[in-house]
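Step one of this worksheet: look at the structure below.
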Amino acid sequence: MTPTLTQNDLLEYLYTEQSHEEKKRLDDYLAQDSSLSEEYHDFLSLKDDLGTLERSPDKAVIDNILNYSQNFVQA
């Protein structure tokens, strides 16, 4: 019987939000199913990349705020 697993199951596994029994079950599925294992490793890579993201507004957004601010002060 082929298990029905969702991406949510993989994410719970990734963030260790499953019971010990569920983790063991997914360990077994990942060992047996290469496509599932590949999808898990893709998630793992994305999770690692999240820590390296830098967030900053676009220059046009900053310019719009500054222009609005200057117009507001002058009015």
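Rule-based calculations on the coordinates, nothing more; no lab input. Please read these numbers as outputs of a predicted model, since none were measured by experiment. Neighbour counts run over all protein chains shown; Cβ positions are idealised from the backbone, glycine included.
Worth pointing out:
- Positions within segment 53-63 being part of a helix (DSSP H, G or I) and among the acidic types (D, E), in sequence order: D63
- Restricting attention to segment 16-52, the residues that are among the polar types (S, T, N, Q), loosely packed, with under 13 Cβ neighbours inside 10 Å and assigned to a loop (DSSP other than H, G, I, E, B) total 3.
- Comparison of L5, L66 shows that the only residue that is out of contact with any Lys or Arg (no Cβ under 8 Å at 6 or more places or on another chain), surrounded by 10 or more Cβ atoms within 10 Å (Cβ to Cβ) and outside any helix (DSSP H, G or I) is L5.
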